[in-house]
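Trainee: Input: one structure, supplied below.
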Amino acid sequence: MKKIVAFPQMGNYYVPAEYLFSRILNCKIMSPKKITRNTIEMGTKNSPDFVCMPFKYTLGTMIECLDSGADIVMQFGGGCRYGYYSELQEQILKDLGYSFQYINLISAGKADVKKIYMEMKKVNPKLKIVQSLYYLLVARTMIKYMDNVDDYIRHNMGFEEKAGELAGLNKRMLKEFSGAKGLIHLTNIYIKYYKQIKKVKIVKNKNCLKVGIIGELYSVMEPFANYYLEKELASYNIDITRFTNVEYLLFQKKKQIKKYLKKAKNYIKYKMGADASDNIARTLLMCEEKYDGIIHIKSSFCTPEIGAMPIINKICNEYDIPVIFFSFDSNTSEVGIKTRLEAFHDMIEMRRNR
């Protein structure tokens, strides 16, 4: 019987992950479980009280996967305290009585190709290095294409003449990505859908409201974790900018961080961990470009972002740019989030009209 591999979900990035693992591992790949209230309850029940929301959500997902028959669980660590959570999550799952193989592919925000290959070799001893590198390249390119399309959609989804058309095309593109035969086929699929996406009629005022989203990476990239904040913003006809994605985190951040520290040198002198330094510099950038508002989102108890918040507030006060802070946990009220977001929109719209 083939082993069953599972991993937590974060946005649509399960698509390249499934693509890669299904082609290099001689295993069945379990599609990531969608996050539900049950996921949150299971994760919260078995987590330390003051641990952050990503820990609870991913732990809950792994419990559901193991209950559904998975015997290999993969985790993708982070660049803050979350980078050490894998060991704790593994111990919690074993204490709950689960028998499984646990693999953490990214430690402290770093993706070590050699380490990933050796971990995959444990799962599939017949794994070939050339084949693995090829499909890793295809998956990496897929991420780049996904983030390019997502960025375009984010700026325009609130202005479609036919609501939901961009999201529909993106969904069909991802489905075809899953069946890509190789790099050339993948590129052809991307070009086909990108042309279609660019043809979608957009009715957009050049002077529309512009809002930037910054914050802790999981809260920013997993829609369920932020109560579909971007979709809600789009309903107010707002042009949305979001900086954090997997393309940036894995392939650009190491080069960009020095530039960010230089830009924000009047406010910070050292890296603050996770995305805190980046978010401070991005706040300064958006203030200089006169954005109408900035939204900072994080999970509760996220230490790097808590440290960044007073500095972000200081910069916004100096430039007179409105900023709103959202902190998410398993007990956060969706109604409360929408009410505050509506009030924030009304406020920045009144400022613009004035």
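The values are calculated or read from the model by the stated rules, or taken from the named source; none is laboratory data. Being a predicted model, the structure only gives us computed values, none of them experimental. So basically every Cβ, Gly included, is an ideal-geometry build from the backbone, and we count neighbours across all protein chains shown. These area figures cover heavy atoms from the full protein model, side chains too; ligands, DNA and RNA do not enter into them. Shrake-Rupley method; radii C 1.70, N 1.55, O 1.52, S 1.80 Å.
Trainee: Given the conditions (1) modelled with pLDDT of 90 or more; (2) under 18 Å from D71 (Cα atoms), report the number of the one that P32 does not fulfil.
Mentor: It fails just one condition, (1).
Trainee: Taking the conditions exactly as written (open to solvent by less than 30 Å² (accessible area, probe 1.4 Å) and closer than 23 Å to F50 by Cβ), does D292 satisfy them or not?
Mentor: Working: open to solvent by less than 30 Å² (accessible area, probe 1.4 Å): yes; closer than 23 Å to F50 by Cβ: no.
No, not satisfied.
Trainee: Another question, if that's okay. What residue, among those in region 260-285 that are without any contact (Cβ under 8 Å) to a residue 60 or more places away in the chain, within 14 Å of T303 (Cβ to Cβ) and in a loop (DSSP other than H, G, I, E, B), is least open to solvent (accessible area, probe 1.4 Å)?
Mentor: Among residues in region 260-285 that are without any contact (Cβ under 8 Å) to a residue 60 or more places away in the chain, within 14 Å of T303 (Cβ to Cβ) and in a loop (DSSP other than H, G, I, E, B), the one least open to solvent (accessible area, probe 1.4 Å) is M272.
Trainee: Which condition breaks for A17 when tested against (1) touching a residue at least 60 places away in the same chain (Cβ under 8 Å); (2) open to solvent by 40 Å² or more (accessible area, probe 1.4 Å)?
Mentor: (2)
Trainee: Which residues, counting only those in region 214-241, are outside any strand (DSSP E or B), over 11 Å from the mean Cα position of the chain (by Cα) and not small (G, A, S)? Please lay out each step first, then the result.
Mentor: Taking region 214-241 first, the residues outside any strand (DSSP E or B) are 216-237.
Cutting the leftovers down to over 11 Å from the mean Cα position of the chain (by Cα) gives us 227-237.
Across region 214-241, the qualifying residues are Y227, Y228, L229, E230, K231, E232, L233, Y236, N237.
Trainee: Can you tell me which residues in region 302-334 are under 23 Å from the mean Cα position of the chain (by Cα) and over 22 Å from L261 (Cα atoms)?
Mentor: The first filter runs over region 302-334 and keeps only residues under 23 Å from the mean Cα position of the chain (by Cα), leaving 302-309, 312, 323-334.
Hits for region 302-334 are I324, F325, F326, S327, F328, D329, S330, N331, T332, S333, E334.
Trainee: Further question on the same structure: Output yes when any residue across region 194-213 is small (G, A, S), open to solvent by 50 Å² or more (accessible area, probe 1.4 Å) and either outside any loop (DSSP other than H, G, I, E, B) or at pLDDT below 95 (or both), and no when none is.
Mentor: Our first condition is that a residue be small (G, A, S); within region 194-213, this holds for 212.
With the extra rule that they be open to solvent by 50 Å² or more (accessible area, probe 1.4 Å), the set shrinks to none.
Looking through region 194-213, none of the residues is small (G, A, S), open to solvent by 50 Å² or more (accessible area, probe 1.4 Å) and either outside any loop (DSSP other than H, G, I, E, B) or at pLDDT below 95 (or both).
Trainee: Sticking with this structure for a sec: Could you grab me the full set of residues in region 160-193 that are outside any helix (DSSP H, G or I), of a type in the set (A, V, I, L, M, F, W, C) and either modelled with pLDDT under 95 or open to solvent by 50 Å² or more (accessible area, probe 1.4 Å) (or both)? Let's see the steps before the verdict.
Mentor: Here is the first cut: in region 160-193, the residues outside any helix (DSSP H, G or I) are 160-164, 179-182.
Now restrict to residues that are of a type in the set (A, V, I, L, M, F, W, C): 163, 180.
Scanning region 160-193 gives a single hit, A163.
Trainee: Taking the criterion of being over 19 Å from K210 (Cα atoms), without any contact (Cβ under 8 Å) to a residue 60 or more places away in the chain, open to solvent by 10 Å² or more (accessible area, probe 1.4 Å) and not in a helix (DSSP H, G or I), would at least one residue in region 299-321 satisfy it?
Mentor: no
Trainee: Let me ask another. Just wondering, is there one or more residues in region 271-279 that are touching a helix residue (DSSP H, G or I) at 6+ places or on another chain (Cβ under 8 Å) and more than 29 Å from I40 (Cβ to Cβ)? Before the answer, list the steps.
Mentor: In the first step, residues of region 271-279 are kept if they are touching a helix residue (DSSP H, G or I) at 6+ places or on another chain (Cβ under 8 Å); the result is 271-279.
Those still in the list that are more than 29 Å from I40 (Cβ to Cβ) too: 271, 277.
The answer is yes, given that some residue of region 271-279 is touching a helix residue (DSSP H, G or I) at 6+ places or on another chain (Cβ under 8 Å) and more than 29 Å from I40 (Cβ to Cβ).
Trainee: In region 151-168, how many residues are over 12 Å from Y236 (Cα atoms), of a type in the set (A, V, I, L, M, F, W, C) and touching a residue at least 24 places away in the same chain (Cβ under 8 Å)?
Mentor: 2
Trainee: Taking the residues in region 22-40 that are in contact (Cβ under 8 Å) with a residue 60 or more places away in the chain and more than 16 Å from the chain's Cα centre (by Cα) as candidates, determine which candidate is surrounded by the most Cβ atoms within 10 Å (Cβ to Cβ).
Mentor: The qualifying residue surrounded by the most Cβ atoms within 10 Å (Cβ to Cβ) is I24.
Trainee: Let me ask you something else. Name, by its number, the condition in (1) under 25 Å from I257 (Cβ atoms); (2) open to solvent by less than 50 Å² (accessible area, probe 1.4 Å) that does not hold for Y135.
Mentor: (1)
Trainee: Sticking with this one: Look at K253 and say whether it is at pLDDT below 90, over 23 Å from I321 (Cα atoms) and open to solvent by 20 Å² or more (accessible area, probe 1.4 Å). Spell out the reasoning first.
Mentor: Details: at pLDDT below 90: yes; over 23 Å from I321 (Cα atoms): yes; open to solvent by 20 Å² or more (accessible area, probe 1.4 Å): yes.
So K253 passes the test.
Trainee: Quick one: which residue in K114, K121, K94 is part of a helix (DSSP H, G or I), open to solvent by 50 Å² or more (accessible area, probe 1.4 Å), within 30 Å of K56 (Cβ to Cβ) and without any contact (Cβ under 8 Å) to a residue 60 or more places away in the chain?
Mentor: Values: K114 fails: within 30 Å of K56 (Cβ to Cβ); K121 fails: within 30 Å of K56 (Cβ to Cβ).
Result: K94 is the single residue among K114, K121, K94 that is part of a helix (DSSP H, G or I), open to solvent by 50 Å² or more (accessible area, probe 1.4 Å), within 30 Å of K56 (Cβ to Cβ) and without any contact (Cβ under 8 Å) to a residue 60 or more places away in the chain.
Trainee: Looking at (1) modelled with pLDDT under 85; (2) part of a strand (DSSP E or B); (3) touching a helix residue (DSSP H, G or I) at 6+ places or on another chain (Cβ under 7 Å), which one does I103 not meet, given that it meets all the others?
Mentor: (1)
Trainee: Which residues, taken from region 41-78, are of a type in the set (V, I, T), assigned to a helix (DSSP H, G or I) and crowded, with 21+ Cβ neighbours inside 10 Å?
Mentor: First, the residues of region 41-78 that are of a type in the set (V, I, T): 44, 51, 58, 61, 63, 72-73.
With assigned to a helix (DSSP H, G or I) added as a condition, the list becomes 44, 58, 61, 63.
Hits for region 41-78 are T58, T61, I63.
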